[in-house]
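Q: Submitted below is the structure of interest, expressed as structure tokens.
Readers should treat all values here as calculations from the given coordinates under stated rules, not as data from a laboratory. The structure displayed is predicted, hence computed values, not measured ones. Please note: Cβ atoms are built from the backbone with ideal geometry, for glycine as well, and neighbour counts cover all protein chains shown.
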Amino acid sequence: MTAWIARMLSEGDGSPSTKRVLFSVAVAAAIAFCVYDIVIHRGLTPMSVQLATATLVATGGSFAVSRFAESIEPTQKPPQ
């Protein structure tokens, strides 16, 4: 299980990815807050819904931007 988590939080070449670790921590914190809110208040409050939405949008946006940046990176060096 730890090997899978280490691969999940690393780039494709195996190098550590701070961005992936930070987003994982942010998503885990948002989930924990929403679970806490459900248990204490017997349901989601509007603030929890906004937090979950903002976390998903930020994570999805970051993923989309990084994929777009990877797609436009030149794969070959220009001729010299």
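Q: Report the Stokes-Einstein translational diffusion coefficient (µm² s⁻¹, integer) for region 25-71, Rh taken as the Kirkwood radius over Cα pairs, at 37 °C with viscosity 0.692 mPa s.
A: On the way: Rh = 11.6 Å.
Roughly 284 µm²/s, to the nearest whole number.
Q: While we're on this one: Where in region 1-16 does the amide nitrogen come within less than 19 Å of the point 7 Å from the Cα of ARG67, taken along Cα to Cβ?
A: Answer for this model: 8-13.
Q: With an 8 Å cut-off on Cα pairs and a minimum separation of 6 or more residues, tell me the relative contact order of the chain in percent.
A: Working: 27 pairs, mean separation 14.6, N = 80.
Relative contact order of the chain: 18 percent.
Q: By how many nm would the segment from ARG20 to MET47 lengthen if fully extended, with 0.36 nm per residue of separation less the alpha-carbon distance? Please report the intermediate quantities before stating the final value.
A: Details: separation 27, 0.36 × 27 = 9.72 nm, distance 2.49 nm.
Roughly 7.2 nm would be gained on extension.
Q: Does anyone have the angle between helix 46-72 and the longest principal axis of the chain? Alpha-carbon axes, 0 to 90°, nearest 10?
A: 10
Q: Compute the helix-to-body angle for 18-41: its Cα long axis versus the longest principal axis of the chain, expressed 0 to 90° and rounded to tens.
A: 10
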